[in-house]
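Data first, discussion second: the structure below is written as C-alpha cells.
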Amino acid sequence: MSLDARTQELERNLAAVRERIARACAAAGRDAGEVTLVAVTKTFPADDVVRLVGLGVRDVAENRDQEARAKVQAVLDSARPGAADLRWHFVGQLQRNKAASVARYADVVHSVDRPALVTALSRGTVAAGRELAVLLQLDLDPSGKATGRGGAAPSQVLELAEQVQAADGLTLRGVMGVAPLGAPAREAFTRLAAAAAVLRERVPDATWMSAGMSTDLEDAVACGATHLRVGSAVLGSRPSLR
Ligand SMILES: *Cc1c(COP(=O)(O)O)cnc(C)c1O
C-alpha cells in the first residue's frame, strides 16, 4: 500500500472514530472536549505513528517496552512537525525490570497495579530526570478472580493511591480499566467510575478515567471516561497473536 493510500485510510478511520465519540458525548450530555482519543499503535510501524501525527493525533499508546522504545526513537527521528510533542501512553502489563526503560520515554503509564511497580517506576523516573503521570489499573472482573490482564482489586485503590502520592516523580491522575471478556462493558465501566469517584474524594486532581476500546467506547463515554484507548478502529486489525 502506498503511503498516501495508508494515510487516507487512517484519516477515514480517525474521522469515523471521532464521529462515534462526538455522538456518544452528545448522547451522554458531555462536551467532546472532555474526552481524549489515545491511538493504540501496538504492532503497527512507526510510519503509521508519523502519519497519525500529521492527521492531528497527539496521544498514542503502546503495550510492550521493547517495541515502544524503538518506535519512540523512530518517530523522533522522522523529525515530523509535532512528533516531539506526542504524548506516549504505556497501557500494557509492565514487569518491574522494564519500569526504568518505560520511564525514559512514556508520559503516562495506565497499568500501575501493585506496590513494587510504583517503587520501580518512581526510581526510574527520578533517574531519568523526568515526571510521569500514573493511572491505577483496576481489575473489573465481577467474579474478583484474576483475569490475567492485570489490575488491582478496586478495594485497593486508596492504598495504592497513597503510595503513588508519596513516590517522587509520579503524579496520580486517575484510574484505568479493561472490560472483561464475556461480560457487559457498561457494568464494568460503572464499577470503574465508582472507584474513580472514591479516588477523587481523596485526590481531587485524579480526574482521568481511561476506559473504552474500539468495540466499547460508547459505553465508556456514557460512564464518564476521559481517555479512550482505541486501536483497531483507527489502525485496522492486528495479527491475531495479540
Ligand atoms: C490493544 C489495547 C487497546 C486497543 O484495543 P482495540 O480493541 O484494538 O481498540 C486498548 N487498551 C489496551 C490495554 C490494549 O492492550
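The values are calculated or read from the model by the stated rules, or taken from the named source; none is laboratory data. All of these numbers come straight from a predicted model, not from anything done at the bench. Glycine gets a Cβ as well: all are built from the backbone with ideal geometry, and neighbour counts include every protein chain shown. To get the accessible areas, we keep the full protein, side chains included, count just its heavy atoms, and leave off ligands, DNA and RNA. Shrake-Rupley method; radii C 1.70, N 1.55, O 1.52, S 1.80 Å.
Scan the range 212-226 and report the pairs whose first residue is at positive phi and part of a loop (DSSP other than H, G, I, E, B) and whose second residue is open to solvent by less than 50 Å² (accessible area, probe 1.4 Å) and within 13 Å of the ligand (Cβ to nearest atom), with Cβ atoms within less than 6 Å and a gap of 6+ or a chain change.
Gly212/Ala220; Gly212/Ala225; Gly212/Leu228
Of all residues in the range 194-211 being of a type in the set (Val, Ile, Thr) and part of a loop (DSSP other than H, G, I, E, B), which is surrounded by the most Cβ atoms within 10 Å (Cβ to Cβ)? Reasoning before the result, please.
Taking the range 194-211 as the starting set, the residues that turn out to be of a type in the set (Val, Ile, Thr) are 198, 203, 207.
Add one more test, that the residue is part of a loop (DSSP other than H, G, I, E, B), and what stays is 203, 207.
On the way: Val203: 19, Thr207: 14.
Of everything passing the filter in the range 194-211, Val203 is surrounded by the most Cβ atoms within 10 Å (Cβ to Cβ).
Are any residues in the range 55-68 touching a helix residue (DSSP H, G or I) at 6+ places or on another chain (Cβ under 6 Å) and in a helix (DSSP H, G or I), and if so, which ones?
Across the range 55-68, the qualifying residue is only Asp65.
So which residues in the range 104-113 are under 20 Å from Gln156 (Cβ atoms), in contact (Cβ under 8 Å) with a residue 40 or more places away in the chain and not small (Gly, Ala, Ser), if there are any at all?
Keep residues of the range 104-113 that are under 20 Å from Gln156 (Cβ atoms), which gives 109-113.
Those left that are additionally in contact (Cβ under 8 Å) with a residue 40 or more places away in the chain: 110-113.
His110, Val112, Asp113 - these are the residues of the range 104-113 that are under 20 Å from Gln156 (Cβ atoms), in contact (Cβ under 8 Å) with a residue 40 or more places away in the chain and not small (Gly, Ala, Ser).
Given (1) open to solvent by less than 40 Å² (accessible area, probe 1.4 Å); (2) within 30 Å of Cys223 (Cβ to Cβ), identify the lone condition not met by Glu19.
(1)
For (1) out of contact with any helix residue (DSSP H, G or I) (no Cβ under 8 Å at 6 or more places or on another chain); (2) part of a helix (DSSP H, G or I); (3) open to solvent by less than 40 Å² (accessible area, probe 1.4 Å); (4) touching a residue at least 12 places away in the same chain (Cβ under 8 Å), each residue gets a yes or a no:
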| site | (1), (2), (3), (4) |
| --- | --- |
| Asp48 | no, yes, yes, yes |
| Val53 | no, yes, yes, yes |
| Ala70 | no, yes, no, yes |
| Gln93 | yes, no, no, yes |
| Val102 | no, yes, yes, yes |
| Ala120 | no, yes, yes, yes |
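When you go through (1) touching a Leu at 6+ places or on another chain (Cβ under 8 Å); (2) crowded, with 20+ Cβ neighbours inside 10 Å; (3) farther than 26 Å from Pro184 by Cβ one by one for Pro115, which number turns out not to apply?
For Pro115, the failing item is (2).
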